[in-house]
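Data first, discussion second: the structure below is written as structure tokens.
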Amino acid sequence: MNKPELSEQQSAVVAHTGPLYVRACPGSGKTRTLVARALRLASELPPARGLALLSFTNSATQEFKERLVKAGGIHLLKPPHFVGTIDSFLARFVVMPRGNPWAPSLPIQHVEDWRKHSVTVTIGTTANGKRNVREIPLSAFSVAALDVAERKLSVRLQADLLARAKGRGFASQITAHGSTLTKDAERLAKNRLHALLARGVVSSAEVRLLAVS
């Protein structure tokens, strides 16, 4: 067991009773302090009660898990405790019990985003006369509206998301071709998303929308 060494301020955070908001800069020992606080809180829980340790990213979650193991808190990685992202928590404890309205009989498969899925669009022809086929990742689209009762959704192609996924040059090339290409891409993306949802696959974006619906 490798118990973390804490400063006076960090020890105060660990010992604090009740809700607590802590603001700290990068490298100040936030993870170390949270791990120590989690170990203390878990030791005081009644039987069959769990502790949730949530973060925004998978990398932060992995660091939490590694630090917990080193600090002797491997038991916190097992039920009834939960260590993961906020989206994975919502998927497991809020959305999964309700079910996926697009595939009620299938288990939900939660993925962080749609980067591995794409739609194909054609932008004119190349210099040698061949079709200029381009792939647009589904992560470049945002869900603009979601109707759970009717199992309908609408999507919008976002230039900033497209630039983040494929570069600003690619995003400029797509948007320069006007609304017709954009609408075609959005139609294809909506159909692709419907197909994925019907297979039980749900990304974090839909998890958040379903959690509040």
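The values are calculated or read from the model by the stated rules, or taken from the named source; none is laboratory data. All values derive from a computational prediction rather than experimental measurement. Glycine gets a Cβ as well: all are built from the backbone with ideal geometry, and neighbour counts include every protein chain shown. Calculation scope for accessible area: heavy atoms of the full protein, side chains included, ligands and nucleic acids excluded. Shrake-Rupley method; radii C 1.70, N 1.55, O 1.52, S 1.80 Å.
Ordered by solvent-accessible area of protein heavy atoms (1.4 Å probe), largest first, the residues 118, 172 come out as 172, 118. With a Förster radius of 22 Å, plug the Cβ-Cβ distance of residue 191 and residue 170 into 1/(1 + (r/R0)^6) and report the FRET value to the nearest 0.05. So the FRET efficiency works out to roughly 0.50.
Excluding ligands, DNA and RNA, the accessible surface per residue across the stretch 14-160 is 62 Å² with a 1.4 Å probe. Most tightly packed first, judged by the mean number of other beta-carbon atoms within 10 Å of their residues, the peptides 13-24, 194-205, 104-115 read 194-205, 104-115, 13-24.
Taking the protein heavy atoms of the chain in the context of the full set of protein chains, the accessible area attributed to carbon and sulfur is 53 percent at 1.4 Å. Calculated FRET efficiency, residue 44 to residue 116, Cβ-Cβ distance, R0 = 30 Å: about 0.10 to the nearest 0.05. Taking a ≥ b ≥ c as the square roots of the Cα gyration tensor eigenvalues, the stretch 1-78 comes out rounded, since a/c falls below 1.5. Once the Cβ-Cβ distance of residue 160 and residue 11 is raised to the sixth power relative to R0 = 45 Å, the FRET efficiency obtained is 0.60.
Here the chain is assigned +1 on the Cβ of each Lys and Arg and -1 on the Cβ of each Asp and Glu. Its dipole about the Cα centre then comes out at about 360 debye.
Each principal axis of the Cα atoms in the stretch 13-142 has its own extent, and those three values, largest first, are 70, 42, 25 angstrom. For the peptides 83-90, 38-45, the ranking by packing is 83-90, 38-45, with the highest mean count of neighbouring Cβ atoms within 10 Å listed first. In the chain, helices alone account for a calculated mean residue ellipticity at 222 nm of -12500 deg cm²/dmol, with every DSSP H run of four or more residues adding -39,500 (n - 2.57).
From the alpha carbon gyration tensor of the stretch 127-177, can you work out the equivalent ellipsoid semi-axes (sqrt of 5 times each eigenvalue) and give them in Å, largest to smallest?
They are 27, 14, 8 Å, listed from largest to smallest.
You can think of it this way: the chain between residue 130 and residue 198 has 21.0 nm of extra reach, that is 0.36 nm per residue less the Cα-Cα gap.
Give the residues of the stretch 103-137 whose amide nitrogen is closer than 15 Å to a point set 7 Å from the Cα of residue 151 in the direction of its Cβ. Flagged as within label range: 103-108. When you restrict to C-alpha pairs under 8 Å that are six or more residues apart and normalise by the size of the chain, the relative contact order lands at 18 percent. Taking 23 Å as the limit for the C-alpha separation, the pairs 116/190; 116/166; 78/116; 30/65; 130/190; 65/116 exceed it in the case of 78/116; 130/190; 65/116. The length gained by stretching the chain between residue 70 and residue 109 to full extension, at 0.36 nm per residue less their Cα-Cα distance, is 11.0 nm. Between the residues 104, 57, 6, the greatest Cα displacement towards the positive end of the dipole of the stretch 1-111, with unit charges on the Cβ of Lys, Arg, Asp and Glu, is found for 104. Taking the inverse of the average 1/r across all pairs of different Cα atoms in the stretch 114-213, what Kirkwood radius in Å do you get? After inverting the pairwise mean of 1/r, the radius is 14.3 Å.
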